[in-house]
Amino acid sequence: MSQRGGAQRPNGAAQGKICQFKLVLLGESAVGKSSLVLRFVKGQFHEYQESTIGAAFLTQTVCLDDTTVKFEIWDTAGQERYHSLAPMYYRGAQAAIVVYDITNQDTFGRAKTWVKELQRQASPNIVIALAGNKADLSNKRMVEYEEAQGYAEENSLLFMETSAKTAMNVNDIFLAIAKKLPKSDSGGQSGQRPQPGVRLNEQNQASEGGCCK
Amino acid sequence: MALGKAQFGVSTFFAASHSNDKCGANGLPLTPNSIKIVGRFQHLKTLDHHHICKYLDCVRGRHERLMIVQEHYTNNLNLGWKTGKFQSEDNLVKLAFEVLQGLYYMNQHEVTHRNLSMDNILLDTEGKVKLSNFGMYYMTNGGAYVSFPVGQMCYMCPEVICSGPVQIDEETELPVLPPSGPKVDVWSLGCIALELISGMKLWEGVSNQQIARNVLVFLKPDCDVINSICTELKCVEKLQSLSPYLNDFIRKCLTVDPTHRPDPSELVHHEMFTVHKLKQVSPRNGYHLFTSKLRCKDLELPELTENDVELDNDHLSERNMEEVYYLWRLAGGDLEGVLKKAGMIKAKPPVTILPSLTLDNGEVLGQGRDQMELLDETVVLLSQDQLRQRLSDIDEKSYYKLLEDESTITEGLPSSPSNVDLNDTASLPLVIKEKDVEYQFHRVILYERLINGYPYKKAHIWKEARVDVPPLFRNLVWAALLEVEGDIQAQYDSIDKETPIGTDRQIAVDIPRCHQYHELLASPTAHAKFKRVLKAWVVSHPEYVYWQGLDSLCAPFLALNFNNEALAYACIKAFIPKYLHKFFLKDNSPVIQEYLAVFSHLIAFHEPELSNHMEGIGFIPDLYAIPWFLTMFAHVFPLNKIVHLWDTLLLGNSSFPLYIGVAILKQFHDRLLSFGFNECILLFSDMPVIDLQQCVKDAIQIFCNTPKSATYRQHAKQTPKKNETRPNVSYYSRDYNEKPSNELSMEPLTLDELRSEKCPRISAEDLLELGEFIGNANTRSPTKKRGNGKPLLLVIDVRGPDEFKRGMIPGSVNIPFQSAFSPEGDLVTCPAVTTLKQSKSLVKVVVGSRGRNASNFANELVRLDYTRVCTLHNGIDVLRHTGILSVPPPEI
């Protein structure tokens, strides 16, 4: 949690750029999306983290060298049925973390589906990270590290196994994303706000690219 | 069961604690055993029989301590046997018969005593048997959740001693071996009977190991159990002198092979009891709610005896034991305090219980075992003095409240003896009312009668529920407000809740995260019930699907009806069509989008400034309000708040939740206005503390200031009920859609239409009624009237002056849309605009002809922060046939 001190540095600090990015978390329900965000943003872990309905929103700032990166994090509901809401959140996102649970093979399959959908429908420059969460339960592991890593390499995704419970790799994965995001001037703009009424079947709606408005 | 002469007793023990940091298979920490016990305990509360002591409460203390409250009597067999009373065969047989009836009853409810001893056979003031402490084996899951053995060694049958301590499968929470069945108690009864005959205690002062050895000897094939026990007790001849029936009975009880030993259900029919002319008294046909049976069938009224007349002075004893205990707690009853006073809980300075050494892995060394943690079965009496003192001034009549006494209906609540009008208490904040023993006493008496009169007393329940709902009867009052009727148990039982379905995984991952801070809902018992209720709903509603959020919605009903899954299910089944019609469709997006669009309109109608700001920053309801409405706020508030919110919600109609939503925004009005997008959304991503009572009050006020058709939704439940039986004509609970529509009513709008307009449309009916153009009788959505008879609305006609002159709504002002606004977007001053500006609090109905002028004009008014702006659905044309249009008076 080395950067948490830095996170409190005032945004207006003169020594560097401030970039704002929209990041979305996707994945099957109960894989630990909300827990990852909570660990990253508040440094907390709730054993009985309530399920997310619709989506939740949080922000966190990290410092990278002379750049302040502010994440606007959209944490989505995992249940398949809420799928129709997802485009509203990933549209215009510059980064996505697709989460699965290493103790459950099905959630890995679902993660792959999400990656495909993002590659097809999200903005083309989106940075996608794959997080194998619940790494503290490695004795119950059902998804091998190598398998996921191989998949991530094929699809040029960032990949880490994380544990929201022990905080392992949680900050690291967000930092890795921050590093990979383009910090050109355009990156300084806020992500696009979610808009209602997105139709699921509208295939290319989101492909116009990152920062508009 | 009525209190009678019963007392309350509290006992305490510790649940076995888990070692530090131990996690279950799912990575979550293990559920504390005390929570598991609380969950299992709930079932015991439902047992009600004249030969068992009623369980009343199970409270968790610190460090896995549990406090159990049970009906109690100071006399028991251990004290009574020395009198020699039970050496008489008659008395002994009667005693055995009563014990068996108690055992048989609990067996029918899946409880085995497994702890029968002389201490646990209490004798009430009339000398009748009351079995006590019979729930220990059940609530501890066969002893698995405690570190001490359940039961006294000398009364244990051979198979219990052979099976050793119980082992539990951690995944399923079920014992690896089947738990002890009813037959083990029969053995204990046999032992006790012989002790009573002999007047001696079996193996008194013998060590447990030796007792175990003695019992295991019985397993030898040629062992004569009765003979060896009688020899031990020196009563061989005594037994022979007794009747052959009794001898046979005891022999049957002490059968070594459990397959040949009878269970209580068989033994109650033993001929010994026939000879002694003992019959089972069938419990009085108590009236049950929610049944299809006639309530008067087989009803036996107790005969009034002279004893009863004597009892009459103690009115409290006539009340139900649970009620009295509830009041006892309100009157300052403090279990922990009583136990401390009795020396059962001793506070030790923490420094004295620190371990000498703690290792890296959390293991501790040198921590002496606290004597207090050992099992002490002492029962401490809970004095009822304080409660009786608090109620001493209450008028006798209050115990027997007449429902049909007109004076009480008009006067409201009776005045209390302390001369504080209870109506004053009624207006106090809920948290105070719910803790006021005197006030709750009156409410409990009243509601108990009303509930027993349900459904005939439905209207009266609605009326009282508008004052408040007493926590003790909240579950039943809610069921009444939801109009649950019929044989709900049979309905629930007929649903297949076991066959795996596709939703199982989702339900399984959602339940362990749903309101788990609530100790009842966190127990494995609760999880199993939760799963069944949710599955029952999913299975029996094939047109709907499980959406995350259904779990939260179900939680309040389950928590309130923990011991009545069928009622929890019946409530959720009635609740969803009332407030969440079609929300759980597989494709619910049109329904939710319409709901949210109407919500936006309502915000604009009442809080235009806020609405403009939030829309401006893109903070739209889709981003924050879905969990609000999909779960009727059950996902965003803790259960203790939800119950108070729903107390009012259930009185409202299907649109009422929208008003609660507006009231919540209103409470954060200033903050939201000063916030940007991020702050706004962060504010609601973790629902901040709100003043719920204020919120409810505001919601009602907003509701009263809104024409009903403004929240018209095409996806709301349409079909009016056939043969309308609802007696309540409450303004709040009536839905717009309940009455058939006509040409003056609202009609479905497309989502695009709804979204293109900022404020609601109202129907011509509402216009006519609000403007008092026609009488109240003809409308289907009567509006709350103001007392002073001042107009409620201002009609703004935006057509051109020529059209206006040809026919206008009486009292309307004409602001032609074409010339209304200056290039800067402000209203151009004219007399009509002045009238508009002076009519801040009136509902402003913008009326045009076909075309979008009216809605555009209304949008502009909202933009200028005018409140209560709406448009007339279908414009002026809809009024052509009503005959109210007139020609304006010539201008002078």
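For the reader, a short list of remarks on this structure follows.
- The aspartates and glutamates whose alpha-carbon is closer than 12 Å to the alpha-carbon of A:Lys22, local same-chain residues fewer than 8 away aside, are A:Glu72, A:Asp75.
- Nearby aspartates and glutamates by direct alpha-carbon distance to B:Lys220 (threshold 18 angstrom, same-chain neighbours under 8 apart not counted): B:Glu159, B:Glu232, B:Asp257
- Bridging of B:Lys708 to aspartates and glutamates at a Cα separation below 12 Å is possible for B:Asp735, B:Glu738, B:Glu765, B:Asp766, B:Glu769, once same-chain residues fewer than 8 apart are set aside.
- Cα-based Kirkwood hydrodynamic radius, chain B, one decimal, Å: 32.1 Å
- The residue among B:Phe290, B:Leu610, B:Leu174 whose Cα reaches farthest toward the positive pole of the charge dipole of the protein assembly as shown, with charges on the beta-carbon of Lys, Arg, Asp and Glu, is B:Leu610.
- Distance between the pseudo-spin-label points of B:Ser19 and B:Gln167 (7 Å out from Cα toward the beta carbon): 1.7 nm.
- Compared with the alpha-carbon gap, the fully stretched path from B:Asp334 to B:Asn75 is longer by 90.9 nm at 0.36 nm per residue.
- For the residues of B:616-626, the average number of beta carbons from a partner chain within 10 Å of their own beta carbon is 4.
- Neighbourhood net charge (10 Å Cβ-Cβ; Lys/Arg +1, Asp/Glu -1) for B:Arg65: -1
- Both radii are taken from the alpha-carbon atoms of segment B:744-892; with Rh as the Kirkwood radius, Rg/Rh is 0.94.
- Rounded percent of accessible protein surface that carbon and sulfur make up, the protein assembly as shown, 1.4 Å probe: 51 percent
- Using bins of 5 Å that start at zero, the share of Cα-Cα pairs per bin across segment B:313-402 amounts to 2, 10, 15, 15, 11, 10, 9, 7, 6, 5, 4, 3, 2, 0, in whole %.
- Each peptide in B:263-273, B:800-810 receives the mean, over its residues, of other Cβ atoms within 10 Å, and ordering these scores from highest gives B:263-273, B:800-810.
- Accessible-area ranking of B:His109, B:His873, B:His635, A:His46, largest first, probe 1.4 Å: A:His46, B:His109, B:His635, B:His873
- Shape analysis of segment B:633-707 places it in the oblate category; the axes a ≥ b ≥ c from the Cα gyration tensor give an a/c of at least 1.5, with a/b not above b/c.
- Computed from backbone phi, the HN-Hα couplings of segment B:467-484 come to 7, 5, 10, x, x, 4, 10, 4, 4, 6, 5, 4, 4, 5, 5, 8, 6, 6 Hz, rounded to whole numbers (Karplus: 6.51 cos²θ - 1.76 cosθ + 1.60, θ = phi - 60°; Gly and Pro given as x).
- Straightening the chain between B:Ile501 and B:Gln280 buys 75.1 nm, computed as 0.36 nm per residue apart minus the Cα-Cα spacing.
- Take each residue of peptide A:75-83, count the partner chain Cβ atoms within 10 Å of its Cβ, and average: the result is 4.
- Counting all C-alpha pairs of segment B:580-739, share separated by more than 22 Å (%): 42 percent
- Computed from protein heavy atoms with a 1.4 Å probe, the total accessible area buried between B and A is close to 3200 Å².
- Taking the average, over residues, of other Cβ atoms within 10 Å as the packing measure, peptides B:203-216, B:688-701, B:148-161 rank B:148-161, B:688-701, B:203-216 from highest down.
- 1.4 Å probe accessible area per residue over chain B, in Å²: 45 Å²
- Over segment A:116-164, accessible surface divided per residue gives 48 Å², non-protein components excluded, 1.4 Å probe.
- Per principal axis, descending, Cα span of segment B:488-579 in whole Å: 32, 27, 26
- Restraint check, B:Lys45/B:Lys201; B:Lys457/B:Lys641; A:Lys70/A:Lys179; B:Lys252/B:Lys279, Cα-Cα greater than 24 Å: B:Lys45/B:Lys201; B:Lys457/B:Lys641
- Segment A:80-122 residues near the modelled A:Ser138 label - backbone nitrogen below 17 Å, point 7 Å along Cα→Cβ: A:101-104
- Packing around the peptides B:7-19, B:96-108, taken as the average count of other Cβ atoms within 10 Å per residue, puts them in this order, highest first: B:96-108, B:7-19.
- Inter-chain neighbour count for B:542-552: the average number of beta-carbon atoms from partner chains within 10 Å of each residue's beta-carbon is 3.
- Projected onto planes of every orientation and averaged, the convex hull of the alpha-carbon atoms in the protein assembly as shown covers 53.8 nm².
The values are calculated or read from the model by the stated rules, or taken from the named source; none is laboratory data. None of these values were measured; they are calculated from a predicted model. Don't worry about glycine lacking a Cβ; one is built from the backbone with ideal geometry, like all the others, and counts go over all protein chains shown. To get the accessible areas, we keep the full protein, side chains included, count just its heavy atoms, and leave off ligands, DNA and RNA. Shrake-Rupley method; radii C 1.70, N 1.55, O 1.52, S 1.80 Å.
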